[in-house]
Amino acid sequence: MDWAGVSEFVAVAQTQSFTAAASKLGVSVVYVSRKVNALEQRLGVKLLKRTTRKVSLTEMGQQFYYDCKPLVEGLAQAELNVSSIQHGIAGQIRVTAPVTYGERYIAPLVNAFLTLHAQIEVDLVLTNQKLDLIDGGIDIAIRLGHLRDSNLMAKKLASRQMFVCASPQYIAQHGEPHTLSELNMHQCLVGSNDYWRFLYQGKARNIRVNGRLKCNSGVSLLDAAISGLGLAQLPDYYVGEALKQGSLVEVLPNYRDKEEGIWALYGHNRALPSKLDLFIRFLQENIKSPHNAGQS
């Protein structure tokens, strides 16, 4: 099989950008473009639709991407495995992550990673407190959403989407808000922040909310919303199943904020230790962005 251009095409398909793909692969944009063009000529089909604003997949491109993506990921993992054995990568990695997200998404990947790399140990600390990496002896922190400026480095692992939801019973009794100004007429289930994030006329906007219940547990807010106590703004990995089953419905969909990043943060070192680089790359290649819960 001729692999020429396949890795470059998969990178462009994933990032929807020749520039981002080149940055990801550590090569020039011209190099990526040349490789993808040669691949299209060899296959005799157009894989990408290019405009001045974005890059998207053709129908044939989508099929080729779905077929090639697991092959490219498998090759990358094989190289990682050989590299870890060759260089004797070993030692402990101390990781912290939020409780619910960590249980659902990070812990299973940690288990899979340990199965592949017998010389590495992982100390996984699940907490909703943002631990200090230096004081806590933390190697990697998994953080969700918008990052504050800091002296830490960050690599994006996946994305999440926030949804404002309510139960059908609540809507039947109290009505459904259709504008942001109507939120002050509703019971809002408040989490760690007393404001919710929206996209209004193309710009990010924070709206202060209040209600009878305030809780720093997303699971508790989800249960309260399903029980009909009010509106809640929660990430897709909390509300996805409830939206699918109909026990919650999305409200204010036209004001839904942009997707947020899911990040791996680590110390500002000149060179990332091999064991940490190996673990972060494993997360990037295997973590799944929660499905678009409110989309049909």
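The values are calculated or read from the model by the stated rules, or taken from the named source; none is laboratory data. Treat the numbers as computed from the prediction; the structure is a model and nothing was measured. Backbone-built Cβ (ideal geometry, glycine too); neighbour counts: all protein chains shown. Accessible surface areas use protein heavy atoms only, side chains included; no ligands, DNA or RNA. Shrake-Rupley method; radii C 1.70, N 1.55, O 1.52, S 1.80 Å.
Tally time: how many residues in the range 12-29 are out of contact with any Phe, Trp or Tyr (no Cβ under 9 Å at 6 or more places or on another chain), at pLDDT 85 or above and assigned to a helix (DSSP H, G or I)?
2
If the Cβ limit is 7 Å and pairs must be 6+ apart or interchain, which residue in the range 47-61 that is free of Cβ contacts under 8 Å to residues at least 60 places away in the same chain pairs with which residue that is of a type in the set (Asp, Glu)?
That search, which allows pairs on different chains as well, returns Leu47/Glu40.
Any residue in the range 1-17 that is touching a Ser or Thr at 6+ places or on another chain (Cβ under 8 Å), surrounded by 14 or more Cβ atoms within 10 Å (Cβ to Cβ), closer than 30 Å to Leu283 by Cβ and in contact (Cβ under 8 Å) with a residue 12 or more places away in the chain?
Within the range 1-17, none of the residues are touching a Ser or Thr at 6+ places or on another chain (Cβ under 8 Å), surrounded by 14 or more Cβ atoms within 10 Å (Cβ to Cβ), closer than 30 Å to Leu283 by Cβ and in contact (Cβ under 8 Å) with a residue 12 or more places away in the chain.
Would you confirm whether any residue within the range 199-210 is within 22 Å of Tyr101 (Cβ to Cβ), at pLDDT 90 or above and hydrophobic (A, V, I, L, M, F, W, C)?
No, the range 199-210 contains no residue that is within 22 Å of Tyr101 (Cβ to Cβ), at pLDDT 90 or above and hydrophobic (A, V, I, L, M, F, W, C).
Would the range 127-141 turn up any residue that is in contact with a strand residue (DSSP E or B) (Cβ under 7 Å, 6 or more places away or on another chain), part of a helix (DSSP H, G or I) and on the phi < 0 side of the Ramachandran plot?
No, the range 127-141 contains no residue that is in contact with a strand residue (DSSP E or B) (Cβ under 7 Å, 6 or more places away or on another chain), part of a helix (DSSP H, G or I) and on the phi < 0 side of the Ramachandran plot.
How many of the residues making up the range 97-122 are touching a Ser or Thr at 6+ places or on another chain (Cβ under 9 Å) and surrounded by 13 or more Cβ atoms within 10 Å (Cβ to Cβ)?
8
Among the residues of the range 172-219, write down those that are aliphatic (A, V, I, L, M), open to solvent by less than 50 Å² (accessible area, probe 1.4 Å) and either in contact (Cβ under 8 Å) with a residue 40 or more places away in the chain or part of a helix (DSSP H, G or I) (or both).
Leu180, Leu183, Leu189, Leu199
Does the range 142-157 include one or more residues that are hydroxyl-bearing (Ser, Thr, Tyr), open to solvent by less than 70 Å² (accessible area, probe 1.4 Å) and more than 20 Å from Val125 (Cα to Cα)?
The answer is no, given that none of the residues of the range 142-157 is hydroxyl-bearing (Ser, Thr, Tyr), open to solvent by less than 70 Å² (accessible area, probe 1.4 Å) and more than 20 Å from Val125 (Cα to Cα).
Give the residues of the range 49-108 that are of a type in the set (Ser, Thr, Tyr) and modelled with pLDDT of 85 or more, sorted by residue number.
Ser56, Thr58, Tyr65, Tyr66, Thr96, Thr100, Tyr101, Tyr105, listed by residue number.
So how many residues does the range 31-49 have that are among the basic types (Lys, Arg) and assigned to a helix (DSSP H, G or I)?
3
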